[in-house]
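This report concerns only the one structure given below.
What follows is calculated from the coordinates using simple rules that are stated; it is not laboratory data. Remember, predicted model here, so these are calculated numbers, not experimental data. Virtual Cβ from ideal backbone geometry, glycine too; neighbours counted across all protein chains shown.
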Amino acid sequence: MTLRLDPEIAELRSRIRHSAAHVMADVVTKMYPDAKLAIGPPTDDGFYYDFMVAEPFKEEDLEAIEAKMREVIKRDHAFEYAEYAREEMLEKNANEPLKLEIINQIPADETISTYTHGDFEDLCVGPHVESTGKIPAFKLLSVAGAYWRGDEKRPMLQRIYGTAFETEKALDEHLERLEEARRRDHRVLGRDLDLYSIHDEIGPGLIIWHPKGARIRGIVEDFWKQEHYKAGYDLVYTPHIGRSTLWETSGHLDFYKDNMYAPMDMDGQDYYLRPMNCPFHIMYYKTAMRSYRDLPMRIGELGSVYRYERGGVLHGLLRVRGMTQDDAHIFCRPDQLVDEVNGVLDLDFKLLEAFGFKDLEVTLSTMPEKAVGDPARWEFATDSLRQTLEGRGIPYEVDEGGGAFYGPKIDVHIRDAIGRLWQCTTVQFDFNLPERFGITYIGDDGQEHQPYMVHRALLGSLERFMGVLIEHFGGAFPTWLAPVQATVIPIADRHIEYANKVKTQLTEAGLRVEVDARNERMNAKIRQAQVQKVPYMLVVGDREAEANAVAVRLRSGEDLGAVPVGDIQARLLDEVATKALE
């Protein structure tokens, strides 16, 4: 996730952050003389620098490092660029083992350069601001461990994260967003709302969905299936494993093996957990001879896949090892391409809007240097994507050379409630798999032709999308998604029977309702329901039982007073039917 910025501001922030990383490295090496330098790049949200140190940094160390950084910034040292011969650079970094490794990996024909401020010099290509005094506002945020080169077999380094901006106001706004993001952290809310868990005994990156989380996920899946059937998709179920020959044909064992789990020997044959659903959908396509009249074929699946992700990058629901993709593949003729992409976008925007995502940003990624397939087909497919976007009046950015090796693509990013962008939808052509599997259709000329194949995922993986949803709503799901839509709260034990009667009526109407019959005070029960972010609290006592009513309170704290049970039932059902977001 990130925030999309004006290019000039983004470039300025990058230079400020890169410069702040150098200042931090300068200070750390003076405060901790035995520290060895690794790398310190700017990022979309800030910067970091990795150090090899004997003892891990502590959060309380950051304040002292910050204070020394302010002294360096106040001295306003100029950032000065220099170039060196390899031998000289190796000599200058003789006591920096990680820098030596970097230098030795620089190709012989590339320039080796540094930037210096004051008496600190660091291997770097830049760019930087003019001087340390041009770093207007910064903040160190946290420390963490990070393997050198991201390799679990290499040394564990200490990483200090920070951020920097062009004004104090921009920094303060960012820190407020970070604080709001912490309040919305899906890992904390997932625990507090009892939605899911991850267990070392099972393995990192593998999710157990608890009943409430499973309820929300089930609602998302049912909605997804319903809309796909309406849009003319056929849904399939396919195996979770496949023989090695399948993955050899698809090319995964050549290009993707490092992300696949080890094979299982069954009857002398190697089988692999699937990292992708595509080959299975192709095999379904191949079960019959296809005619041009059969196309387009839209084959969808909520298919579980398994990918080896390094432990250091796993992150709650957002980065996992077992995931369910809202996957589909479209097989079509060239003359159907634009209509099919339009259909995908129609469905995509409908789904995303239902979840509250209307602010979208779109990217068109084109042919990379290394690509498979006829360049003429690449041009046709890319023009089809461009024509679709422009025909709909959708603004987009072009990522030149950013397509996969097997085809161009459209990516859709969604902006959440606090302004962060998340890559969500992908619509991608594939010239590789149709050729590898030799799929064809009989055209109106009686000859065999290779169909165009479109990969598309609208929500992405359900795990990641659920993580985004939790953070977008801050755990306060709209009524149609909430695992518990209303809690009936009896004031005293004698009101439990009436509370259960209300629950039965609402449940039989199709609503998700619980009764809080604990031996607790009414206000404590209301607070608990608010903590659990239940949309409606229905308090019942003597007056409500006599009037066949409930006293309605919203999780926002608003009190609607006494409402007939039939009326609150109608209100809830209307919110569900219209997928109201508030």
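Numbers below:
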quantity	calculated
Candidates per GluC sites (Glu not before Pro) in the range 152-258, loop by DSSP, up to 12 other Cβ within 10 Å	152, 201
Structure-derived Kirkwood radius over Cα pairs in Å: which label, when the choices are (1) 26.1; (2) 25.4; (3) 27.7	(3)
Hz values of 3J(HN,Hα) by residue in the range 89-94 - Karplus curve (6.51, -1.76, 1.60), Gly and Pro given as x	5, 5, 5, 5, 10, 4
Sparse-neighbour loop sites [GluC sites (Glu not before Pro); the range 381-460; at most 16 other C-beta within 10 Å; DSSP]	400
Extension gain, residue 86 back to residue 376 (0.36 nm per residue minus Cα-Cα distance, nm)	100.0 nm
Relative exposure of 87, 520, judged by other C-beta atoms within 10 Å (fewest first)	87, 520
Part-to-part distance (alpha-carbon centres) for the range 140-164 and the range 497-519, which is given in Å	51
Summed residue charge, Cβ within 12 Å of residue 532's Cβ, Lys/Arg positive, Asp/Glu negative	+1
Simple label model, 7 Å out from Cα along Cβ direction - residue 177 to residue 234, nm	4.6
Two-site label geometry, residue 496 and residue 578: point separation in nm, points 7 Å out along Cα→Cβ	3.8
For the chain: relative contact order, % (alpha-carbon pairs under 8 angstrom, 6 or more apart)	11
Per-bin percent of Cα-Cα distances, the range 305-372 [10 Å]	13, 27, 42, 17, 1
Lys/Arg +1, Asp/Glu -1 at C-beta; the range 7-183 dipole; positive extreme among 65, 32, 178	178
Computed over the range 511-552, Kirkwood Rh from alpha-carbon pairs, angstrom	11.2
Extension gain (nm, one decimal) between residue 313 and residue 110, 0.36 nm per residue minus Cα-Cα	70.0 nm
For residue 121, net neighbour charge (Lys/Arg +1, Asp/Glu -1) across residues whose Cβ lies under 10 Å away	-3
Extension gain (nm, one decimal) between residue 359 and residue 59, 0.36 nm per residue minus Cα-Cα	104.4 nm
Of the trypsin sites (Lys or Arg not before Pro) in the range 1-95, those whose Cβ has at most 15 other Cβ within 10 Å and which sit in DSSP loop	4, 58
Counted charge near residue 432, where neighbours are those whose Cβ lies closer than 15 Å (Asp, Glu -1; Lys, Arg +1)	-1
In range of the label at residue 262: residues from the range 281-325 whose backbone nitrogen is under 18 Å from the point 7 Å along Cα→Cβ	306-311
Efficiency of FRET between residue 507 and residue 227 - r from beta-carbon atoms, R0 22 angstrom, step 0.05	0.30
Equivalent ellipsoid semi-axes - Cα gyration tensor, the range 355-504, angstrom	47, 20, 13
Electrostatic dipole magnitude of the range 208-281 [Cβ: Lys, Arg +1; Asp, Glu -1; Cα centre; debye, to 20]	480
Distance in nm between pseudo-label sites at residue 154 and residue 167 (7 Å out along the Cβ direction from Cα)	4.0
Ranked list, fewest to most other Cβ atoms within 10 Å of each Cβ, for 508, 379, 96	508, 379, 96
Net charge dipole size for the range 7-183 [Lys, Arg +1 and Asp, Glu -1 on Cβ; Debye, nearest 20]	300
Leading residue at positive end of dipole, the range 250-301 (Cβ point charges), from 292, 252, 280	292
Mean projected area (nm²) of the alpha-carbon convex hull when the range 486-578 is viewed from all directions	5.3
Length-normalised contact order for the range 7-183 - Cα pairs under 8 Å, 6+ apart - percent	27
Amide N of the range 204-238 lying under 17 Å from the label point, which is placed 7 angstrom from the Cα of residue 287 along Cα→Cβ	233-238
FRET E, pair residue 387, residue 194, Förster distance 45 Å, beta-carbon r, rounded to 0.05	0.40
Projected area, mean over directions - the range 7-183, Cα convex hull, nm²	11.0
Farthest positive-ward along the chain dipole, Cα basis, beta-carbon charges - from 500, 380, 560	500
Cβ-placed point charges (K, R +1; D, E -1), dipole of the range 298-349 about Cα centre in debye, nearest 20	480
